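The values are calculated or read from the model by the stated rules, or taken from the named source; none is laboratory data. Since we're looking at a predicted model, the values are computed, not measured. Note that we place each Cβ from the backbone using ideal geometry, even for glycine, and neighbour counts take in every protein chain shown. For the accessible areas, the whole protein counts, side chains as well, though only heavy atoms, and no ligand, DNA or RNA atoms are used. Shrake-Rupley method; radii C 1.70, N 1.55, O 1.52, S 1.80 Å.
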Amino acid sequence: MASSDMKPKSISHAKKWSEEIENLYRFQQAGYRDEIEYKQVKQVSMVDRWPETGYVKKLQRKDNTFYYYNKQRECDDKEVHKVKIYAY
């Protein structure tokens, strides 16, 4: 996982909501594939998360603006199928 040029081997789309899908949704809204790509691009070791839920709290986009997220679920059922799941 420490490889700086880690590329996904396959992609699938989410079928139903889960906590993992919620976090992927948040990373993808901010312009990243997932937490792995975010950490590579931003050179950070930790991602800000809500302690109560574990969901991503704040992400910095590639243009250095920030996305702030709520403690509750933000990915509606109608958005779930848009979330991409990358396999490495």
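Condition check ((1) over 24 Å from V80 (Cβ atoms); (2) in contact (Cβ under 8 Å) with a residue 60 or more places away in the chain; (3) among the charged types (D, E, K, R)) across all residues:
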| position | (1), (2), (3) |
| --- | --- |
| Y32 | no, no, no |
| E35 | no, no, yes |
| V41 | yes, no, no |
| V44 | yes, no, no |
| P51 | yes, no, no |
| Y55 | no, no, no |
| R61 | no, no, yes |
| T65 | yes, no, no |
| Y68 | no, no, no |
### Of all residues in the range 52-88 being open to solvent by less than 40 Å² (accessible area, probe 1.4 Å) and of a type outside the set (F, W, Y), the one that is nearest to S12 (Cα to Cα)
V83
#### Entry: Complete set of residues in the range 2-30 that are within 16 Å of V80 (Cα to Cα), among the aliphatic types (A, V, I, L, M) and over 11 Å from the mean Cα position of the chain (by Cα)
I11, A14
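Right, E35: open to solvent by 40 Å² or more (accessible area, probe 1.4 Å) and within 12 Å of the chain's Cα centre (by Cα) or not? Quick ask: steps written out before the conclusion?
On the way: open to solvent by 40 Å² or more (accessible area, probe 1.4 Å): yes; within 12 Å of the chain's Cα centre (by Cα): yes.
Yes.
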